[in-house]
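Data first, discussion second: the structure below is written as structure tokens.
The values are calculated or read from the model by the stated rules, or taken from the named source; none is laboratory data. Predicted model, so just to flag it, every value in this text is computed and none were measured. Cβ coordinates were reconstructed from backbone atoms using ideal geometry, including for glycine residues, and neighbour counts include every protein chain displayed. Just so you know, the surface numbers come from the protein's heavy atoms only, side chains and all, with ligands and any DNA or RNA stripped out. Shrake-Rupley method; radii C 1.70, N 1.55, O 1.52, S 1.80 Å.
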Amino acid sequence: MKVLLSWLREFAPVEGDPAFIGDQMSDLGMAVESMQVLGEGIGDIVVVRVADLRRHPDADRIQIVDVDAGDGELRQICCGAFNMSVGDLVPLAPVGATLPDGMEISRRKMRGEWSEGMLCAADELGLDDGSDGIMILDPTTAAPGQPLSQVLGLDGDVLYDLEINPNRPDAMSIAGVARDLAARLGVPFALPEPDVTPGGDAADGRISVEIVDPDLCGRFSAVVLDGVTIGPSPAWMTQRLSAVGMRPVNNIVDISNYVMWELGAPNHAYDLARVAGPTLRARWARPGETIETLDGVERTLSAGDGVIADGNDLPIGIAGVMGGASTEIGPSTTTVVVEFAWWDPMTIARSSRALSLRSEASSRFERGCDPDTATLAARRFAELAASMGATMAPGVVHADGTLPVTPVVQVRTARVNALLGTDLDADAIIAAIAPIGFDCAAHADGDDVVHVTVPTWRPDTVTETDVIEEIARHIGYSTIVGRRPARATTGGLDARQQLRRRVRSVMVGLGASEAMPTPLLSADDLRLSGLAPDAVVITNPLAAEESLLRPSLRPGLLRAVAHNAAHRNPTVRLFEVGRVFVPPGDPTSLPSEPEMCAVILSGEPAPAAVRMLDVLADALAVDIELLASEPVGMHPTRSAVVRCADTVVGVVGEVDPAVVDHMGLEGPVAWMEVDLDALAAVGSSSRNYRPVSRFPSADVDLAFELSEQVPAADLRRAIVRSAGDLLVDLQLFDVYRGSGVADGTRSLAHRLRLQAPDRTLTDVEVGTVRQAVVDHVTTELSATLRWFA
Amino acid sequence: MTNSDAHPLVARLDALVSQAASAVAAAVDLDSLHAVEIELTGKRSVLVEAKKQLGGFDPDERREVGQRVNVVRSAVAELVESRRAELAAMERRRQLDADRLDLTEREPVRAGHLHLVTQARDHLEDVFVGMGFTVAEGPEVETDFYNFEALNLPASHPARGMWDTFYVELGEPGTVLLRTHTSPVQIRVMEATEPPIYSIMPGRVYRRDTADATHTPVFHQIEGLVIDKGISFADLAGTLDAFTRAYFGRQVQSRLRPSYFPFTEPSAEYDISCVFCGGAGCRSCGGTGWLELGGCGMVHPNVFAAVGYDPEVWTGFAFGFGIDRMTAQRSGVDDLRDLFTNDVRFLEQF
């Protein structure tokens, strides 16, 4: 919402530094997004008359313009715009001038022709009027040689662009902003009574209004203006409208917009001659009903839309959203009927959304306009029209539907102070909100409760808390002194959150960097990763590439690896800790979202990932085992599932070489993933202390020949099981394949460290353990003892 | 007896000291030193011979020559030992030089790097934990009830347009979605526990915004929720101020400005004084001296109603802000999309 300081001052004597005024508006919740002193930076710009237009001899997109700055001397300008004609008055930035964006104008040659300055478009002067091309000035107000800022009457005026919150419909108008600001600054606020002298035939009888559906339309007022001559608006009005971002059209349309902007009263002007009946009838649309709106689009309505229908019951406007083309003001219009209505906000919100048609009017109606402003707005419209020769017909034709009840809110001072942490009494509360029109009745119940009648322009305020927010806003949030809650609480991360942090720090310590790919994937990503197309589907994705929720971290990390490979980093170590989404079996429940940790090592074989898994398991104090397996998308003979306490908690190995190939990567790519939730559920994170023995230990080395079909893990498990409690450490220290070892087998040499907590082991004890292990392994695994030591 | 009357053997012994000095100095390694030592003090050495001859001397001679033998013996021994230590040191040095390693002859091994967003999130969590908060989490795929309705955003609420929402094909159409903020976790926490509540809710959220330098459809937020007896707007202001100073630095200030959110009332924008210019005004803060961080306010009575808390007994505040943009800005990253490209040239800088 753009407001001009000069416009605000028509309602309240707002004085002071513009920056200070801006700060006050921000502090009231009308955040100043930008502030611009108009005319600033255009001090060098002068008005010139176009004396001649010629083709540039060597360029099609530039023409040569001779201009006269009132001194009779012609200056040649090269100009890229073609929207002006001989005789037009246009702004010139002469040589030496500086534009608002800091650009300095110098004498220069353009394709061989001299240009002695630059003709300016409005936006180049920081004066967006929404038009293209060079700004054409009104010859009734401008003359060659005048400074442009003087012509535009902008000297010193300040334009603020305010961000208005949805709960501040009142601030969608100049008057509303002025009311709030005046209260903050302690200056009087007044809505001037329009000066109107009606004449001619009364409106009643010439136009009738009818509210068919009172739940749609709470109020409908209409006035008739005779003697209208359609033409341009006066410069002061077009300048103001342009400044706040409304494009000037013609006098009636401009007044309509002006009144809306000024008083927050959206309205609509019809050419009375084109309204059948002449009757204006507010009713719900019939499904399938069509109307051509002012923008020339044929629209089909549904039952949720409201319409204004004419005497033939045909729609001539979409309630609160946009008028119809059939009754549009045109050059020949002489009599105008202006509608001031109050529409149900929810209806307008729904309707404008359903029709994808947002207008300045709809954005105000959907927040809730002041139903009581119709008469004032109608008279203001008439006053402005009178200055352009029109006369208001006596009387306002009027119908009422169902309006929201203005609530009286009981505001407890104790509650105010409890919620705000303040120490306000009833008088202070009243002093805060009475100036913005909240009528505070004498507190009959003593000092404890204030009876607040909410003004009609604040339909957002209905509860005690709503009023408390207004109190806080007007005493100023910054006056509320901060303090800390009194309760002493104990914060902390829970075990699961600590686990996540430990996982991350282990990964970082192992040289992997944390990636964060998007969880949104395409079906192609899953296919390329060799994964099943089983994923939660997004109904309204931004793009097909991001239409699924990842069921695995693998596609995202593969893509990250591919990105780095494409940027000459073919070997990277990345990890991610993040959730995956498992589609629920029952489509009415939510997906499960296990949190996974995955590592991808490009250019490294499977054992690299296994090593990282081992370190992770050790750091987390969980016992895992690997079970050779062919998980989907993984290398069929170089992968395993990870088990912890007989539950599968992950996968480790290499990515399927076919997938690596499809991704255009150089293999191998090692991979490890662990379901942290599953791990946390089954894994123990505490280990029982076993005292360190003070007695000497004895080592036994055993080398077995074991079939390649039997995993080394089985041998290890067999040794552990058969060695008994004396085994304190076990290391695989040699793997040998080759001569001396049978084909299809390999030799695996383990060192067993045996130790008792309470004595030195005898040779006999050591020999017993060794024999037990040899017996067990050779029988259970069909292994042969190759040697021992 | 005088020196001139000295026994001839004494002269030989005296000469021996200087001979020994040059012989010892000439030994270039421990082996040759050993040979010299044998020559000087071994069985056939002058010293041993002199000692053997002592028995044939008269007592005066024996004492004089005997003393001299001892003096020379210890002088020679000292020479040998000192040379031995010297040679041993040289020998050790030779071996060490042979074992020399150029420690700079390497390809540096690097630690991995935590993602910038994780670093920020961990730090935020730590600050709030220090202030007595616990950390709560919830699902990213949510129902309309938790994401909107329970937060005082019924289906027809116009403010729903403030969040562009991704829906998923689960449940009734338009009822299951990707959470647009971490606020649904507040509802879940309130449903699951009784006050008092002092919790933060960090996590990933989704908005249907086309990615550009300042927006990504997937990003991270942190929210806080405090519910207790006697909690007021002043507690909100004081808590955020304490957080601001703990996280951003003692000199950084916070301020609250009126705003609107359906789930809080009164609502506020939470700004901090510009961390780049100290509040003087610069490009980063658009010349205002303030950076907009997030939103906050007192928990709306309708939110309490949705979870069955009595707003006359309990009051509370909530706050929230985005992590990615804040941390990117502080780190000088001017395109948010770079956070999620996973380029090691980016990741390894943090």
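Assign unit charges at the C-beta atoms only (+1 for Lys and Arg, -1 for Asp and Glu), then state the dipole size of the protein assembly as shown relative to its Cα centre in Debye, rounded to the nearest 20. List each step's numbers first, then the result.
Working: 99 positive and 161 negative charges, 819 e Å.
Rounded to the nearest 20 debye, it is 3940 debye.
In the protein assembly as shown, what is the volume of the convex hull around the alpha carbon atoms, normalised per residue and reported in Å³?
Numbers: hull volume 397.5 nm³, N = 1139.
Enclosed volume per residue, from the Cα hull, is 349 Å³.
Report, by chain and number, residues whose modeled amide H sits under 5 Å from the one on B:GLY295, excluding near sequence neighbours (fewer than 5 apart, same chain).
B:TYR270, B:GLY320
Please give the peptides A:328-341, A:621-634 ranked by average Cβ packing (other Cβ atoms within 10 Å per residue), highest first, as a rough proxy for protection. Could the numbers behind the result be given before it?
Details: A:328-341: 19.9, A:621-634: 16.7.
Going by the mean number of other Cβ atoms within 10 Å, highest first, we get A:328-341, A:621-634.
For the protein assembly as shown, what does the accessible surface come to per residue with a 1.4 Å probe? Please give it in Å².
Details: 49660 Å² over 1139 residues.
About 44 Å² of surface per residue is accessible.
If I measure Cβ to Cβ between cysteines in chain B, which ones have no partner under 4.7 Å?
Taking the Cβ cut-off of 4.7 Å, the unpaired cysteines of chain B are B:CYS296.
Return the whole-Å distance between the Cα centroid of segment A:194-252 and the Cα centroid of segment A:394-466.
32
Roughly how large, in nm² to one decimal, is the mean projection of the convex hull of the alpha-carbon atoms in segment A:483-566? Working shown, then result.
Working: hull surface 41.3 nm².
With every direction weighted equally, the projected area is 10.3 nm².
Enumerate by residue number the trypsin sites (Lys or Arg not before Pro) in segment A:646-720 meeting two conditions: DSSP loop (anything except H, G, I, E, B), and at most 11 other Cβ atoms within 10 Å of the site's Cβ. Don't jump to the answer; show the numbers that get you there.
Working: sites: A:ARG687, A:ARG694, A:ARG716, A:ARG717; in loops: A:ARG687, A:ARG694.
Answer by residue number: A:ARG687, A:ARG694.
Given segment B:3-99, what whole percent of its Cα pairs are spread farther than 22 Å? Don't jump to the answer; show the numbers that get you there.
Numbers: 1721 of 4656 pairs.
Summing the P(r) tail past 22 Å for segment B:3-99 gives 37 percent.
Which net charge results when you count Lys and Arg as +1 and Asp and Glu as -1 among the other residues whose beta-carbon is under 11 Å from that of B:ARG257?
Working: positive: A:ARG473, B:ARG255; negative: A:ASP23, A:ASP27, A:GLU163, B:GLU269, B:ASP271, B:GLU292.
With Lys, Arg at +1 and Asp, Glu at -1, the neighbours total -4.
Using the alpha-carbon atoms, what tilt in degrees (0 to 90, nearest 10) does helix B:8-26 show relative to the longest principal axis of chain B?
Value to nearest ten degrees: 30.
Counting only protein heavy atoms and rolling a 1.4 Å probe, how much accessible area do A and B lose on contact, total for both sides, in Å² to 100? Show your work: numbers first, answer last.
Details: alone 37030 and 19230 Å², together 49660 Å².
Roughly 6600 Å² of accessible surface disappears when A and B pair.
Once the other residues with Cβ under 14 Å from the Cβ of A:VAL223 are scored (Lys, Arg +1; Asp, Glu -1), what is the net sum?
Numbers: positive: A:ARG206, A:ARG219, A:ARG379, A:ARG380; negative: A:ASP201, A:ASP204, A:ASP226, A:GLU339, A:GLU383.
Here the count lands on -1.
List the lysines whose alpha-carbon lies under 26 Å from that of B:LYS51, not counting same-chain residues fewer than 8 positions away?
Those lysines meeting the cut-off are B:LYS43.
Out of the trypsin sites (Lys or Arg not before Pro) in segment A:91-185, which ones are loop residues according to DSSP with at most 15 other C-beta atoms within 10 Å? Can you show the working numbers first?
Values: sites: A:ARG107, A:ARG108, A:LYS109, A:ARG111, A:ARG179, A:ARG184; in loops: A:ARG107, A:ARG111.
Passing sites in segment A:91-185 are A:ARG107, A:ARG111.
In the protein assembly as shown, if the dipole is taken from +1 on Lys/Arg beta carbons and -1 on Asp/Glu beta carbons about the Cα centre, which of B:GLY138, A:ILE719, A:SER362 is farthest to the positive end?
Checked the options; the winner is A:ILE719.
Per residue of A:542-553, how many C-beta atoms from partner chains lie within 10 Å of its own C-beta, taken as a mean? Display every interim value, and only then the final one.
Working: counts 7, 3, 0, 0, 4, 1, 1, 6, 0, 0, 0, 0.
Partner-chain Cβ atoms within 10 Å, mean over residues of A:542-553: 2.
D for segment A:11-79, whole µm²/s, Stokes-Einstein with Kirkwood Rh over alpha-carbon pairs at 20 °C and 1.002 mPa s: what number?
On the way: Rh = 16.3 Å.
Rounded to a whole number, D works out at 132 µm²/s.
Would you rank B:LYS229, B:LYS51 by solvent-accessible area, highest first, keeping every protein chain in place and using a 1.4 Å probe? Kindly include the intermediate steps, with their values, before the conclusion.
Working: B:LYS229 130, B:LYS51 105 Å².
Final ranking, largest accessible area leading: B:LYS229, B:LYS51.
For chain A, with all protein chains present and a 1.4 Å probe, just round the carbon and sulfur fraction of the accessible area to a whole percent.
Details: 17060 of 33650 Å².
The computed percentage sits at 51.
For segment B:324-346 and segment B:106-141, write down the distance between their C-alpha centroids in whole Å.
Using only Cα atoms to place each centre, the spacing works out to 15 Å.
Protein chains only, probe 1.4 Å: how do B:LYS43, A:LYS2 rank by accessible area, largest first? Don't skip to the end; give the middle numbers.
On the way: B:LYS43 175, A:LYS2 65 Å².
Result, largest first: B:LYS43, A:LYS2.
Calculate the length of the line joining the C-alpha centroid of segment A:111-189 to that of segment A:655-701, in whole Å.
First find each Cα centre; the distance between them is then 69 Å.
Could you give the angle, 0 to 90 degrees to the nearest 10, between helix B:116-130's Cα long axis and the longest principal axis of the Cα atoms of chain B?
Tilt relative to chain B: about 80 degrees.
Which one of A:PRO287, B:VAL307, A:GLY145 is farthest out on the positive end of the charge dipole of the protein assembly as shown, using unit charges on Cβ (Lys, Arg +1; Asp, Glu -1) and the Cα centre as origin?
So the residue we want is B:VAL307.
Can you tell me the 0 to 90 degree angle between the C-alpha axis of helix B:233-248 and the longest principal axis of chain B, rounded to 10?
It is inclined by approximately 30 degrees.
What does the C-alpha gyration tensor say about the overall shape of segment B:116-347? Classify as rounded when a/c is under 1.5, otherwise prolate if a/b is larger than b/c, or oblate.
Working: a/c = 1.69, a/b = 1.17, b/c = 1.45.
Note, shape of segment B:116-347 comes out oblate.
Tell me the relative contact order for segment B:116-347 as a rounded percent, counting alpha carbon contacts under 8 Å between residues six or more apart. Before the final figure, lay out each step's value.
Details: 449 pairs, mean separation 47.5, N = 232.
In percent, rounded to a whole number, it is 20.
Tell me which aspartates and glutamates have Cα within less than 14 Å of B:LYS52's Cα, excluding those fewer than 8 residues away on the same chain?
B:GLU61
Gain in length, A:VAL37 to A:THR479, computed as 0.36 nm per residue apart minus the alpha-carbon separation, to one decimal in nm?
Working: separation 442, 0.36 × 442 = 159.12 nm, distance 2.96 nm.
Contour length minus the Cα-Cα distance gives 156.2 nm.
Give a quick list of GluC sites (Glu not before Pro) in segment A:1-97 that DSSP marks as loop, anything other than H, G, I, E or B, with at most 12 other Cβ atoms within 10 Å. Before the final figure, lay out the partial values.
On the way: sites: A:GLU10, A:GLU15, A:GLU33, A:GLU40, A:GLU73; in loops: A:GLU10, A:GLU15, A:GLU40, A:GLU73.
Hits after loop and neighbour filter: A:GLU15, A:GLU73.
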